[in-house]
1. Whole angstrom only: what separates the Cα centroid of region A:461-516 from the Cα centroid of region A:273-317?
2. Which order do A:Arg510, A:Arg216 take when ranked by solvent-accessible area (1.4 Å probe, heavy atoms of all protein chains), largest first?
3. On average, how much accessible surface per residue is there in region A:214-345, in Å², for a 1.4 Å probe, leaving out ligands, DNA and RNA?
4. If each residue of separation counts as 0.36 nm, what is the full-extension length gain between A:Leu375 and A:Arg124 once their alpha-carbon separation is subtracted?
5. Among DSSP beta bridges whose residues both lie in chain A, state the antiparallel percentage, nearest 5.
6. Can you tell me which lysines have their Cα less than 28 Å from the Cα of A:Lys420? Leave out same-chain residues fewer than eight positions away.
7. Enumerate the aspartates and glutamates that A:Lys444 could reach by cross-link, defined here as Cα to Cα under 12 Å, with residues fewer than 8 away along the same chain left out.
8. Can you give me the three principal axis dimensions of chain A from its C-alpha atoms, in Å, biggest first?
Amino acid sequence: MRESVERAWARAVESGTLPASAGATAPAAPVEIEVSRPDNPAHGDFATNLALKLARPLRRPPLEIARALADELGRDPGPIGSVDVAPPGFLNMRLDAAAVEQGVDAACAAGPLFGRIANPRPRRINVEFVSANPTGPLHIGNARGAFVGDLLCRVLEAAGQAVTREYYFNDFGSQVRQLGASVLAVRGGREVPDDGYRGAYVHDLARELPDEIRARALEPGADPDAVVGRWASERVRAGIEASLARLGVRFDVWTSEGSLYRDGWVDRAVERLREGGWLYEQDGALWFRSTAFGDDKDRVVRRSNGQFTYFGSDIGYLLQKFDRGFEHLIYVWGADHHGTVARVRNAAQAMGFDKDAVEMLLIAWVRFVRDGQELSMSKRSGEFITLDELLAEIGVDAARWFIAARAHTSGIDFDIELAKRQSSENPVYYVQYAHARISSILRKAAEAGMRPADSVAGALADDEVALGLAKLLLRLPEVVEDAATLHETHGITAYGTELATAFHAFYRDRRVIDRADPVTSATRLALVTATRLTLANTLALLGISAPDSM
RNA sequence: GUCCCCGUAGCUCAGUGGACAGAGCAACCGCCUUCUAAGCGGUCGGUCGCAGGUUCGAAUCCUGCCGGGGACGCCA
């Protein structure tokens with residue numbers, strides 16, 4: 001479409017209908033061709049404001065430019081069927097029905113791959129998300145990050161990128177020791193320490209603690225809290241992995257913070273920064289000169305007690321990820337990590353990497369509310385609702401849709417009681433219903449011995465309703481592309497709703513199975529099959545099931 | 001105090017400088033002899049937080065203010 005406009009512009013200039021530039025006027029910024037989807041169907045399938053943008057540099061009235069462009073567009077061999085000029089100078093273009101028919105046939109041929117974008121040179125992208133420390137089961141506060149990260153990965157993969165899903169966790173240090181101490185306390189019938197953990201899962205762990213681990217913890221010279229903590233955290237981590245699997249979220253790589261030290265990545269990163277002159281010692285601590293890159297203060301890498309900070313681990317991890325060959329790193333973080341964004345990106349730059357290759361997605365909070373009362377999530381107090389409990393109440397598909405339909409920057413109030421009550425009205429069921437309805441039609445058709453035509457050719461030119469539906473199907477690839485570019489998925493949910501609406505309208509206006517007219521029935525069956533495919537692919541992109549009956 | 005995000009219909013939220021500001025839900029009125037009524041049609045509903053500015057054109061960009069959330073550790 002853009003190519004057609006570009007060709008038309010070039011030909012208009014070539015033929016002298018339009019001036020190449022403004023002549024004496026300074027060559028301003030080059031005019032970029034924008035092709036948009038008008039909200040109003042009366043404005044065609046595509047529109048461009050090119051004539052409006054050219055009016056000033058060319059010093060010509062926009063309508064005159066628009067007419068010249070429309071003239072050339074009318075002769076273009078591309079998919080454009082008709083062109084209108086609308087004041088003050090918009091060009092409104094309509095797709096040619098035959099081109100749409102070919103597009104739908106191609107979509108059917110592509111099957112599950114329809115909507116995915118072929119990318120000859122995929123970028124290797126690492127997406128790190130969730131990364132909750134294994135000191136307790138995932139609670140509903142972790143849900144958004146899990147879904148947003150997973151959705152982002154699905155979208156990037158569909159856009160043809162090579163994505164690695166990564167979970168980063170802490171398997172040593174004070175939190176894990178606290179967990180061990182808490183388990184030991186419960187096992188021994190003692191009071192859990194003040195800064196220990198108290199949830200029901202701690203009691204489960206205490207009960208399940210193997211004698212062998214307990215014996216090892218009690219060996220002379222052993223650190224009981226650390227030994228038990230390590231065992232417990234691995235136990236918890238495995239539970240987290242299982243919970244995530246139930247959400248439809250999987251990871252390719254689990255990286256422990258400890259491994260970054262054992263394998264020397266932190267030392268190597270420190271060395272690299274030191275060579276660059278980006279480190280200095282002060283008050284017994286080792287500092288990174290983050291201010292040299294615009295941060296408002298320098299950051300401690302290694303404390304005066306010799307322990308590395310969390311930031312120390314971060315720089316080791318950065319080096320490790322780049323060393324593994326990733327071209328782009330995405331971190332899905334809670335909005336509370338906002339303060340650490342600058343230092344990590346600065347460290348990447350200081351180590352000689354491209355700062356823009358390190359990107360943080362800050363997820364706004366979800367306020368969980370039950371009956372107007374905000375719920376606090378604290379592993380230490382043991383007051384929290386686990387992810388598994390939430391899903392038992394509202395279901396994965398509904399929860400996924402809820403998260404996918406909102407920009408990740410917007411804060412969400414989530415009333416659990418309301419969500420349960422409204423779950424049957426969740427738009428996700430509306431979209432799934434459209435899929436199930438089509439499945440039912442196809443079953444009925446098969447029972448009647450009718451088969452979809454091999455092509456929708458001939459079904460669209462004289463049928464505005466069918467043509468409108470078909471045009472909508474063909475938008476999926478651009479919806480995917482937009483989502484991948486913006487790192488947002490609400491365009492996909494909106495598209496799914498729109499597509500379902502279009503199908504339901506088609507269902508109302510056009511009878512698919514008509515024994516009296518087998519030819520029309522066959523092409524409509526083909527169109528409806530393509531619609532079902534598009535709905536299924538859209539839902540798959542969101543990790544949501546596409547049921548054949550409801 | 002400094003920095004980041006948000007403020008759009010009763011509610012939850014879209015809106016990447018353009019054509020009358022949209023969707024879902026809620027509310028109200030209609031529609032099942034006929035491929036699934038988890039559906040369809042219609043109605044109601046907005047000072048786009050406020051005030052300036054830039055632009056042919058601003059919900060969108062800039063400045064200031066108001067309101068909500070978050071961040072500003074040798075915590076993780």
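The values are calculated or read from the model by the stated rules, or taken from the named source; none is laboratory data. Given the structure is predicted, the values throughout are model-derived calculations rather than measurements. Backbone-built Cβ (ideal geometry, glycine too); neighbour counts: all protein chains shown. Calculation scope for accessible area: heavy atoms of the full protein, side chains included, ligands and nucleic acids excluded. Shrake-Rupley method; radii C 1.70, N 1.55, O 1.52, S 1.80 Å.
1. 53
2. Largest to smallest exposure gives the sequence A:Arg216, A:Arg510.
3. That works out to 48 Å² for each residue.
4. Answer, rounded to one decimal: 86.5 nm.
5. Here the share of antiparallel DSSP bridges comes out near 50 percent.
6. List returned: A:Lys379.
7. A:Asp514
8. Cα spread of chain A along its principal axes, largest to smallest: 88, 71, 43 Å.
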